[in-house]
């Protein structure tokens, strides 16, 4: 399965404080657990715990091998620049000023946002 079809969010910093948002994880809009069952995989609790641990430890593995994690940050910046330059209007998890969402106003939060050349108000 193409990894670009898998959509899942990690909340928090890299490492021990991060949390996987399993409730929103999906494959092309199909909930992850449903997609897994369609493919014959039924050990959701065991598998999700294993994946969460692997993701949590991946930053440490990257640091051990590359001595830094800024390559991942550079790839994220590259993608954001592509989206803006091509005016893709893609939905990306980026920090932006929140106005009136969840009764929050004037605070920057990392949330999914439509990113493109034009900023909608």
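Structural remarks
- In whole percents, the pair-distance distribution calculated for the stretch 3-68 from its alpha-carbon pairs, binned every 5 Å from zero, is 4, 16, 22, 24, 17, 10, 6, 1.
- With the helix formula -39500 (n - 2.57) applied to DSSP H stretches of n ≥ 4, the chain reaches a computed 222 nm mean residue ellipticity of -12500 deg cm²/dmol.
- The angle separating the long axis of helix 44-66 from the principal Cα axis of greatest extent in the chain is about 70 degrees.
- D (Stokes-Einstein, µm²/s), Kirkwood Cα radius, the chain, 0.692 mPa s at 37 °C: 196 µm²/s
- Over all pairs of different C-alpha atoms in the stretch 30-81, the reciprocal of the mean inverse distance, the Kirkwood hydrodynamic radius, equals 13.4 Å.
- Against the chain, whose longest principal axis is taken from its Cα atoms, helix 70-85 shows a tilt of about 50°.
Every number in this text was worked out from the coordinates using simple rules, so none of it is lab data. What you are looking at is a predicted structure, and each value in this text was computed from that prediction instead of being measured.
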